[in-house]
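Notes follow the structure.
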Amino acid sequence: MKRTLVFATNNLHKLEEVSQILGDQIELRSLKDIGCEEDIPETADTLEGNALQKAHYIHSRYGTDCFADDTGLEIEALNGDPGVYSARYAGKGRDPQDNMNKVLRKLEGKTRRNARFRTAISLILDGKEYLFEGIIQGVITTEKRGEAGFGYDPIFLPDGYDQTFAELGNEIKNHISHRALAVQKLCDFLKTYTKQVE
């Protein structure tokens, strides 16, 4: 029997991406699919904590196996900021342009621009918790470049590439990104787990 799993998101792009990697072994459902319309709290001080908080919220209220993710940009010269506050770095408006502008302002004149994107995924399956992580290293550019992607993509240059995430486009980004790496670990685990319990 096909296992059903809720992804604690209503981001259709993320949902489709994960669904493609999982294939037909798992029936993936969104928050909308289970009738969840409330704002899920994200008040932890780590990415892992936020992912776990969201997964527990869904599991406790809807009694379903589920997973949730949280992602942050961690910049070495800014002591790991914006990190867990990446989405609201420049304020509660969560404006990507404002967030990028703040990062670029804080790094003005700095030559050390090393950074990494990190995604944490928390899975609750058959009452047990599992955690998966994806990391990609890179540097912050001195100006925005590219139109694709979202968030900080126009100012993040991944190691080994001469184009930002926003210039590379979604097809390449979705193969090498922090989220893709974390999701692949999740998918590998689920495929193995499903075979073991069949």
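A few points about this structure:
- Separation of the alpha carbons by more than 24 angstrom is noted, of LYS2/LYS185; LYS106/LYS144; LYS54/LYS128; LYS92/LYS128, for LYS92/LYS128.
- Compared with the dominant principal axis of the Cα atoms in the chain, helix 12-22 is inclined by about 60°.
- Sparse-neighbour loop sites [trypsin sites (Lys or Arg not before Pro); segment 83-180; at most 14 other C-beta within 10 Å; DSSP]: LYS92, ARG94, LYS110, ARG112
- Positive-end residue, the chain charge dipole about Cα centroid, Cβ charges, pick of ILE75, ALA44, LEU22: ILE75
- Per residue, the accessible area of the chain comes to 52 Å², computed with a 1.4 Å probe over protein heavy atoms only.
- Of the residues PHE150, ILE140, ASN170, the one whose Cα sits farthest towards the positive end of the charge dipole of segment 96-198 is ILE140 (charges of +1 on Lys and Arg Cβ, -1 on Asp and Glu Cβ, taken about the Cα centre).
- Alpha-carbon centroid distance for the pair segment 126-198 / segment 22-70, whole angstrom: 19 Å
- Partner lysines whose Cα lies under 16 Å from the Cα of LYS173, excluding those fewer than 8 positions away in the same chain, are identified as LYS14.
- Segment 89-196: GluC sites (Glu not before Pro) in DSSP coil with no more than 13 other Cβ atoms inside 10 Å: GLU108, GLU143, GLU147
- What the Cα convex hull of segment 1-107 gives, in volume per residue, is 119 Å³.
- For the chain, the orientation-averaged shadow of the C-alpha convex hull comes to 11.2 nm² (one quarter of the hull surface).
The values are calculated or read from the model by the stated rules, or taken from the named source; none is laboratory data. This one's a predicted model, so the numbers in the text were calculated from it and none came from an experiment. Heads up, the Cβs are rebuilt from the backbone with ideal geometry, glycines too, and the neighbour counts pull from every protein chain shown. For accessibility, only protein heavy atoms count, side chains too; no ligands or nucleic acids. Shrake-Rupley method; radii C 1.70, N 1.55, O 1.52, S 1.80 Å.
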